[in-house]
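What follows is a set of notes on a single structure, which appears directly below.
The values are calculated or read from the model by the stated rules, or taken from the named source; none is laboratory data. Computed from a prediction, not measured in an experiment: that's the story for all the values here. Here the Cβ is made from the backbone with ideal geometry for all residues, glycine too, and neighbour counts use every protein chain on show. Ligands, DNA and RNA are excluded from the accessible area calculation, which covers all protein heavy atoms including side chains. Shrake-Rupley method; radii C 1.70, N 1.55, O 1.52, S 1.80 Å.
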Amino acid sequence: MYDEQKRPEHGPLAGFTVGVTAARRADELGALLQRRGATVVHAPALRIVPLADDGELLTATKELVDNAPDVVVATTAIGFRGWIEAADGWGLGDELLARLRGVELLARGPKVKGAIRAQGLTEEWSPSSESMAEVLDRLLDEGVDGRRIAVQLHGDPLPGFVESLRAAGGEVVPVPVYRWMPPEDIGPVDRLLDAALTRGVDAITFTSAPAAASLLTRAEDRGLLPELLAALRHDVLPACVGPVTALPLQAHEIDTVQPERFRLGPLVQLLCQELPGRARALPVAGYRMEIRGHAVLVDGSLRPVPPAGMSLLRTLARRPGWVVARSDLLRALPGAGRDEHAVETAMARLRTALGAPKLIQTVVKRGYRLALDPAADSKYADD
């Protein structure tokens, strides 16, 4: 019998597959997930293109050096560092830093504060929420009429933020330090989409709003957006690092989960709680069986199961203890055709994978059933 006090030999995410859409820090996020047992599908949904050679950034930098702004809003650490590095490359680094020392410098969050202070500068204010909406509220409360405000963009043009400042009378100087672009190799993104549609992933992580928007756009380009939205609403958990990242998904009425602290570590910890909590556990033939994405825990022992076997097991688990006909199981097998012998072959492999053949009973001339413990029959009778 299952010992609740037994320490598992696997990580909390063992048996689950997680998609990673990040372009930056993807290796770090993937390593955190794998360390906790997850299988990771890496599909960068965008790429960051630095603008060190871009005339638009050079023009904005020269304009700010020649004509000091009243306020500078720094939105991302990587963007702020990239701006200073680009200015150094043009021979404008010292002049830019001198200008920034004499203005009201706002930082969107602690990472940006760190990048600012690494340059010997000090921010005047930073919101606790890391929200651009809070930055906007502060500026509007101060009053921006007649003031020049430089805004370091972070991939997106921030139209609502910029337009609100301009509508209130502010002069906005955009500083486009880098841009988000589609990935050079779209293949991994397409494979992640296909896996989401077939429920081959249990969760997809998003660490930036452009990555979320890019995945949705690619699905739309392939004519798969309705299917992707259905998967994200019902079966595939969308996990976002913070509320700004979630906006493109929320625009499509997709509920997301987000950690309280907008960092990779808390995001992974959240998945460690959410995914096992969504897995179904059943008392079967004297064992505790927990069905995960591509594996099953049998009395706490992790048993990887082939995709065909998982399809059969999920079909049986929809009505545990009830007999499921071979014809119904055949329909659950991907690409099985009409030969019910495929069910017998897949069932034999499933039983072998589970390591406890008595979990699934053969009901002669009728089909198969999960050997649900008698005490649990009433609980699951109407499932």
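Say whether the condition of being hydroxyl-bearing (Ser, Thr, Tyr), touching a Ser or Thr at 6+ places or on another chain (Cβ under 9 Å) and outside any helix (DSSP H, G or I) is met by at least one residue in region 239-252. There is no residue in region 239-252 that is hydroxyl-bearing (Ser, Thr, Tyr), touching a Ser or Thr at 6+ places or on another chain (Cβ under 9 Å) and outside any helix (DSSP H, G or I). A Cβ distance below 7 Å, combined with a sequence gap of six or more or placement on separate chains, defines the contacts here; from region 12-29, residues that are within 25 Å of Gly277 (Cβ to Cβ) and assigned to a loop (DSSP other than H, G, I, E, B) reach residues that are among the polar types (S, T, N, Q) and open to solvent by less than 10 Å² (accessible area, probe 1.4 Å) in the pairs Thr21/Thr205. Is it fair to say Ala281 is part of a strand (DSSP E or B) and either under 20 Å from Gly19 (Cα atoms) or open to solvent by less than 40 Å² (accessible area, probe 1.4 Å) (or both)? When the stated conditions are applied, Ala281 passes them. The residue that is surrounded by the most Cβ atoms within 10 Å (Cβ to Cβ), among those in region 247-264 that are within 21 Å of Ala195 (Cα to Cα) and among the aliphatic types (A, V, I, L, M), is Leu249. Do you know which residues across region 172-199 are in contact with a Gly (Cβ under 8 Å, 6 or more places away or on another chain) and not basic (Lys, Arg)? Those that are in contact with a Gly (Cβ under 8 Å, 6 or more places away or on another chain) and not basic (Lys, Arg): Val177, Tyr178, Trp180, Leu192, Asp194, Ala195, Ala196.
Table: residues versus (1) in contact (Cβ under 8 Å) with a residue 24 or more places away in the chain; (2) farther than 13 Å from Tyr368 by Cβ; (3) not in a helix (DSSP H, G or I); (4) not charged (D, E, K, R).
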| site | (1), (2), (3), (4) |
| --- | --- |
| Val296 | yes, yes, yes, yes |
| Thr315 | no, no, no, yes |
| Pro320 | yes, no, yes, yes |
| Arg338 | no, yes, yes, no |
| Val343 | yes, no, no, yes |
| Ala346 | yes, no, no, yes |
| Thr352 | no, yes, no, yes |
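The set of residues in region 183-236 that are farther than 18 Å from Thr17 by Cα and in a loop (DSSP other than H, G, I, E, B) comprises Pro183, Glu184, Asp185, Ile186, Ser208, Arg222, Gly223, Leu224. Taking the conditions exactly as written (open to solvent by less than 20 Å² (accessible area, probe 1.4 Å) and closer than 22 Å to Pro259 by Cβ), does Pro176 satisfy them or not? No; evaluated as a whole, the condition is false for this residue. All of (1) part of a helix (DSSP H, G or I); (2) more than 36 Å from the chain's Cα centre (by Cα); (3) of a type in the set (Asp, Glu) hold for Asp328 with one exception: (2).
Sort through Arg47, Arg25 and tell me the only one that's modelled with pLDDT under 95 and out of contact with any strand residue (DSSP E or B) (no Cβ under 8 Å at 6 or more places or on another chain). Working first, answer last.
Details: Arg47 fails: out of contact with any strand residue (DSSP E or B) (no Cβ under 8 Å at 6 or more places or on another chain).
So the residue among Arg47, Arg25 that is modelled with pLDDT under 95 and out of contact with any strand residue (DSSP E or B) (no Cβ under 8 Å at 6 or more places or on another chain) is Arg25.
Scan region 181-234 for residues that are among the acidic types (Asp, Glu) and either at pLDDT below 95 or under 24 Å from Ser131 (Cα atoms) (or both) and the total you get is 2. Look at (1) without any contact (Cβ under 8 Å) to a residue 60 or more places away in the chain; (2) more than 28 Å from the chain's Cα centre (by Cα); (3) open to solvent by 30 Å² or more (accessible area, probe 1.4 Å) and you find that Leu121 fails only one, number (3).
For Ile186, indicate whether it is more than 17 Å from Ala209 (Cβ to Cβ), of a type in the set (A, V, I, L, M) and touching an Asp or Glu at 6+ places or on another chain (Cβ under 7 Å).
Working: more than 17 Å from Ala209 (Cβ to Cβ): yes; of a type in the set (A, V, I, L, M): yes; touching an Asp or Glu at 6+ places or on another chain (Cβ under 7 Å): no.
In short, no.
Among the residues making up region 60-81, those that are under 9 Å from Val112 (Cα atoms) and of a type in the set (Ser, Thr, Tyr) are Thr75, Thr76. Note on region 143-161: among residues that are over 24 Å from the mean Cα position of the chain (by Cα) and surrounded by 18 or more Cβ atoms within 10 Å (Cβ to Cβ), the one that is modelled with the lowest pLDDT is Phe161.
Output the number of residues of region 91-110 satisfying the condition of being open to solvent by 30 Å² or more (accessible area, probe 1.4 Å) and either farther than 18 Å from Ala68 by Cβ or polar (S, T, N, Q) (or both).
The first filter runs over region 91-110 and keeps only residues open to solvent by 30 Å² or more (accessible area, probe 1.4 Å), leaving 91, 94-95, 98-99, 101-102, 108, 110.
Narrowing the set further to residues that are either farther than 18 Å from Ala68 by Cβ or polar (S, T, N, Q) (or both) leaves 91, 108, 110.
Qualifying residue count for the region: 3.
Filtering region 235-248 to residues that are at pLDDT 95 or above and among the aliphatic types (A, V, I, L, M) leaves Val236, Leu237, Ala239.
The condition of being more than 28 Å from the chain's Cα centre (by Cα) and open to solvent by 30 Å² or more (accessible area, probe 1.4 Å) holds for only one of His341, His294, that being His341.
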